[in-house]
Every structure is written in structure tokens, then in C-alpha cells.
Amino acid sequence: MFAEDIILKPLLTEKGYDGIADKKYTFIVKKSANKIQIKAAVEKLFEVKVQSVNTVNCRGKRKRMGRSEGFTPDYKKAIVQLTADSKAIEYFNSLS
């Protein structure tokens, strides 16, 4: 798997913005990726040093549209903690 296939997109939420000051970044990742693959992908894409990776499997929410009902897709979320001496990710710096 390539690094671009593992990291799908950044997750931009209020709780995610609070972690940027502590060098914690949140991404939506491929469901089959493990922590070692996520760490390697972040280090390759953003050229930073990763200290730890925490993952969460998020279930889709039930949604209704009239009589029809279904679920939003399931996804996997990764919270990546960078080392203290690592540089910050520029993409997130422009948002805060």
C-alpha cells in the first residue's frame, strides 16, 4: 500500500483544533490500515517524526430521508502525536 492510499483526509473538528497546539493531528484513514502503516505514511507524506498513533473505529450514524432510512459509512480515525522536536504540519498551521 502507498502512503497516499492510507491517509484519506484530515479530520477538522473543534476537538481536533485543540490538539494542534500539542502537535496532535487527526486523520481519516483506510479501515484496513494498522498503526505501524499509519505512522510510516504520516512520516513519509509530511516529513515529520511520529511519537504515537491512536486509532478509533467509528460506526456510521443512522439517517432518515422521508420513509427511507440508512446509515452513513463507517470510517477509521487516527490521532497522531508528533515528537517534541518534530516540525509541525504546515497544512494544519494555516487553519488555526
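With θ set to phi - 60°, apply the Karplus curve 6.51 cos²θ - 1.76 cosθ + 1.60 along region 27-42 and write out the HN-Hα couplings as whole Hz, x wherever there is a Gly or Pro.
9, 8, 10, 5, 5, 8, 7, 9, 5, 5, 5, 5, 4, 5, 5, 5
Where does the charge balance sit around residue 62 when Lys and Arg score +1, Asp and Glu -1, over other residues with C-beta under 13 Å from its C-beta?
Working: positive: 59, 61, 63, 64; negative: 69, 74.
Net charge in that neighbourhood comes out at +2.
So, counting K/R as plus one and D/E as minus one, what does the shell of residues with Cβ under 15 Å around residue 92 add up to? Don't skip to the answer; put the middle values down first.
On the way: positive: 9, 15, 23, 24, 87; negative: 14, 18, 22, 47, 90.
The answer is 0.
Please give, to one decimal in nm, the separation of the simple spin-label points placed at residue 90 and residue 49, each 7 Å out from Cα toward the Cβ.
Each label point is offset 7 Å from its Cα along the Cβ direction, giving 2.1 nm.
Net charge near residue 31, counting Lys/Arg +1 and Asp/Glu -1 over other residues with Cβ under 9 Å of its Cβ? List each step's numbers first, then the result.
Working: positive: 30, 76; negative: 74.
Its environment carries a net charge of +1.
Roll a 1.4 Å probe over the protein heavy atoms and report the accessible area of residue 74 in Å², nearest 10.
80 Å²
Per DSSP H run of at least 4 residues, take -39500 (n - 2.57); add these up for the chain, divide by its residues and hand me the 222 nm value, nearest 500 deg cm²/dmol.
Values: 4 runs with 27 residues, N = 96.
Helix contribution divided over all residues of the chain: -7000 deg cm²/dmol.
How large is ³J(HN,Hα) for each residue in region 68-78, as worked out from phi by the Karplus curve 6.51 cos²θ - 1.76 cosθ + 1.60 (θ = phi - 60°), to whole Hz, x for Gly and Pro?
In residue order, the calculated couplings are 7, 9, x, 10, 6, x, 6, 8, 10, 10, 10 Hz.
Could you pull the Rg and Dmax for the chain, using just the Cα atoms, both in Å?
Just the Cα atoms of the chain yield Rg and Dmax of 14.9, 54 Å.
Based on the Kirkwood radius over alpha-carbon pairs, what is the Stokes-Einstein translational diffusion coefficient of region 14-68 at 20 °C with 1.002 mPa s viscosity, in µm²/s? All intermediate terms of the calculation are to be shown ahead of the outcome.
Details: Rh = 13.6 Å.
The estimated diffusion coefficient comes to 158 µm²/s.
Using a 1.4 angstrom probe on the protein heavy atoms only, line up 94, 52 by accessible area, largest first.
Working: 94 90, 52 50 Å².
If we order 94, 52 from most to least accessible, we get 94, 52.
Charges only on Cβ, +1 for Lys and Arg, -1 for Asp and Glu: so what's the dipole of the chain about the Cα centre, in debye to the nearest 20? Working shown, then result.
Numbers: 19 positive and 11 negative charges, 130 e Å.
It works out to roughly 620 debye.
Could you please state how large a percent of the accessible area of the chain is carbon and sulfur, counting protein chains only and using a 1.4 Å probe?
Working: 3490 of 6810 Å².
Accessible surface attributable to carbon and sulfur in the chain totals 51 percent.
By a straight-distance test (C-alpha under 21 Å), which lysines pair with residue 9 as possible cross-link partners, with residues fewer than eight away in the same chain excluded?
23, 24, 30, 31, 35, 39, 44, 49, 61, 76, 77, 87
Please turn the phi angles of region 10-20 into ³J(HN,Hα) values with the Karplus equation 6.51 cos²θ - 1.76 cosθ + 1.60 (θ = phi - 60°), one per residue in order, whole Hz, x for glycine and proline.
3J(HN,Hα) across region 10-20, in whole Hz: x, 9, 9, 10, 4, 5, x, 5, 5, x, 4.
The values are calculated or read from the model by the stated rules, or taken from the named source; none is laboratory data. Since the structure is predicted, the reported quantities are computational estimates derived from the model, not experimental observations. For neighbour counting, all protein chains shown are included, and Cβ atoms are generated from backbone atoms with ideal geometry for every residue, glycine included. Side chains are part of the model used for accessible areas, which takes the heavy atoms of the whole protein and leaves out ligands, DNA and RNA. Shrake-Rupley method; radii C 1.70, N 1.55, O 1.52, S 1.80 Å.
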